[in-house]
Amino acid sequence: MFELEQLNIEIIKQYLMKLINKGLSSSIVQSIKNVLKAIYITYEDQYGLNHIDFSLVKIEQDKKENEYLTDKQFNQLHQYCMKEKNDICLSILLAMDTGMMIGEMCALKVSDIDLDKQLIHISISKRTQRIKNDEEGSKTVYDIYEVEWTILRDITIPKELFFYLQEYLDYVDKDCYLTSCQDVVSDFTKLQRGLDRIGHILGFKTTFKDLRNMYKERCLRSCMDIHIVMELLGVQSMKQSLPENYKSSDEEKKKQINKL
């Protein structure tokens, strides 16, 4: 055991290397590093601890077929989608700017969007999933189902997405599902194919799951309050780290989101 003021680059390197040697992926270790950085910076400011340059701690990334987008590619995709008002681009922006899972965003109704408070209410215990349609043989359809656990949370809408939604919602009935603009949910495959088409135009490939993970990484890299990150993502496996009954204010969420 050692005191926090004794922490230094070498101790951090040794700790993260042990995690890698135990079999943790580089992305998980990178996330742990970002959390450590966010915590240490908070105490560094409050108690005058010695500055630690976490950029000196390099973590070699695991090789994978589809790497996360670079910041330049991320911005290219975001700018492209901001110019187009359709279900594909809206779904991509929701993943990039809110970190929602595709099943969550497809289950959203227009009535779940509160533009007055700039919030998206994830207040339903439902998600979308692909199910077999027995009436049509092997063909599958998408429908709403009850989840075994409820992820109740409010997600702050960033400014650019807010203005996008203002225009988008002018043409959609409140009883419709948000991403389909109909009374039936969106087809996951259609959305991913749409993302693939846009990626092909821009010269890269990504998935909705990757976009959610990139949102998380951007939050952590910006040193956003870790409790806020947990709330926004609704990550149940991390909830045990939150104080009992922890709930941040809408204003605090907006303040943290503006760090991105």
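For Asp116 and Asp45, FRET efficiency with R0 = 30 Å and r from the beta-carbon atoms, rounded to 0.05? Don't jump to the answer; show the numbers that get you there.
Numbers: r = 34 Å, r/R0 = 1.14.
FRET efficiency, Asp45 to Asp116: 0.30.
Taking a 18 Å limit on the Cα-Cα distance, which of the listed pairs Lys159/Lys209; Lys33/Lys216; Lys159/Lys253; Lys83/Lys254; Lys33/Lys254 fall beyond it?
Values: Lys159/Lys209 23 Å; Lys33/Lys216 13 Å; Lys159/Lys253 13 Å; Lys83/Lys254 24 Å; Lys33/Lys254 24 Å.
Table pairs above 18 Å Cα-Cα are Lys159/Lys209; Lys83/Lys254; Lys33/Lys254.
For the stretch 1-60, go through all pairs of different Cα atoms, get the mean of 1/r, take its inverse, and jot down that Kirkwood value in Å.
Values: mean 1/r = 0.0828 Å⁻¹.
Result for the stretch 1-60 stands at 12.1 Å.
If you take the beta carbon distance between Leu56 and Glu84 as r and set R0 to 51 Å, what does 1/(1 + (r/R0)^6) give as a FRET efficiency, to the nearest 0.05?
Working: r = 41 Å, r/R0 = 0.81.
Plugging the Cβ-Cβ distance into 1/(1 + (r/R0)^6) gives 0.80.
Kindly give Rg over Rh for the stretch 158-197, based on alpha-carbon atoms, with the Kirkwood expression for the hydrodynamic radius. Before the final figure, lay out the partial values.
Working: Rg = 11.9 Å, Rh = 11.5 Å.
Taking Rg over the Kirkwood Rh, I get 1.04.
Top to bottom by accessible area (1.4 Å), largest first, where do Thr156, Thr207 land? Can you show the working numbers first?
On the way: Thr156 5, Thr207 40 Å².
Per-residue accessible area, sorted high to low, gives Thr207, Thr156.
Tell me, what is the percent relative contact order of the stretch 10-105, built from C-alpha pairs under 8 Å that lie six or more residues apart?
Details: 34 pairs, mean separation 18.5, N = 96.
Relative CO of the stretch 10-105 lands at 19 percent.
The values are calculated or read from the model by the stated rules, or taken from the named source; none is laboratory data. Just so we're clear, the structure is a prediction, and the values are computed from it rather than from any experiment. So basically every Cβ, Gly included, is an ideal-geometry build from the backbone, and we count neighbours across all protein chains shown. Surface areas here come from the heavy atoms of the whole protein model, side chains and all, with no ligands, DNA or RNA. Shrake-Rupley method; radii C 1.70, N 1.55, O 1.52, S 1.80 Å.
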